[in-house]
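Just below is one structure, and these are the notes that go with it.
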Amino acid sequence: MTDKIGTGLVGSAIRWVIENEPVGTRFGKKEGEKWVFLSSGDCDLRGEEETLRLFEMYKPKHVIHLAAIVGGLFANMSRKLDFLQDNIKINQSVLHSSHVLGVKKVVSCLSTCVFPDEVTYPLTEEKIHAGPPHHSNFGYAYAKRLVDIQNHAYHEQFGSQFTSVIPTNVFGPGDNYDLKDAHVIPSLIHRCYFSKSKCLLRL
């Protein structure tokens, strides 16, 4: 069995678990499983033909789809069209290739930004399409929402086992700590570190 996965923040964390947990344990890989960890340098997933060739090379049975063009608030606000178009292309390529190659299951990673700007809490998956997302990152948000729609369409038309998860507050080793385009938590960590190292009180 071959599983295909990425090497970004979440992919690197999964890789660490797979390589460090004993085989056959709750979080360890199963006996005989082969995991393949790929990065953006291995393939431009925006290209459907290039992505299909990659899938044909590895012939995965399961795919954890973590690939995305991501950024913090400033990047999302200033490049909405780029985030929309690039992520739609990536998602289309990955799901199409998974379908063509007969992948048994695909788990895609969404974002909490898919939820409507005006929504009642607690957030549940039924509320994803209940209204427009926040205007600051609607390009990325709509591209991620479309994955949910694609999953349902593939399941209804072909019986595909394509699903999604919406993790919250993802941060950790290997995160982007750049003050200009990092997410909130790594940005705050960087600001605190900078302030402490410079003996500043103001964050």
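Worth pointing out:
- Theoretical gain in end-to-end length, Lys34 to Glu48 [0.36 nm per residue, Cα-Cα removed]: 2.6 nm
- Segment 2-170 - share of DSSP beta bridges that are antiparallel (%, nearest 5): 0
- Fraction of the pair-distance distribution of segment 63-145 above 16 Å, Cα-Cα pairs, percent: 55
- Nearest 10 degrees, 0 to 90: helix 80-100 Cα axis against the chain principal axis: 20
- The simple Förster model, with R0 at 22 Å and r as the Cβ-Cβ distance, assigns Arg191 and Ala13 a FRET efficiency of 0.45.
- Per-residue ellipticity at 222 nm computed for the chain from its helices equals -13500 deg cm²/dmol, with DSSP H segments shorter than 4 residues left out and the rest contributing -39,500 (n - 2.57).
- Pairs from the table (Lys29/Lys89; Lys80/Lys196; Lys61/Lys144; Lys29/Lys180; Lys105/Lys144; Lys30/Lys59) lying more than 26 angstrom apart at Cα are Lys29/Lys89; Lys80/Lys196; Lys29/Lys180.
- Gaussian network model of the chain, Cα within-10 Å springs - most flexible of Ser97, Ser12, Ser78: Ser78
- Cα-based convex hull, segment 2-170, per residue volume (Å³, whole number): 126
- Sites Tyr58 and Lys198, calculated FRET efficiency, Cβ-Cβ separation with R0 41 Å, nearest 0.05: 0.30
- Modelled spin-label separation between Leu123 and Gln157, with each label point placed 7 Å from Cα along the Cα-to-Cβ direction: 2.9 nm.
Values in this text are rule-based calculations from the coordinates and carry no lab data. Keep in mind it's a predicted model, so treat the numbers as computed, not measured. Heads up, the Cβs are rebuilt from the backbone with ideal geometry, glycines too, and the neighbour counts pull from every protein chain shown.
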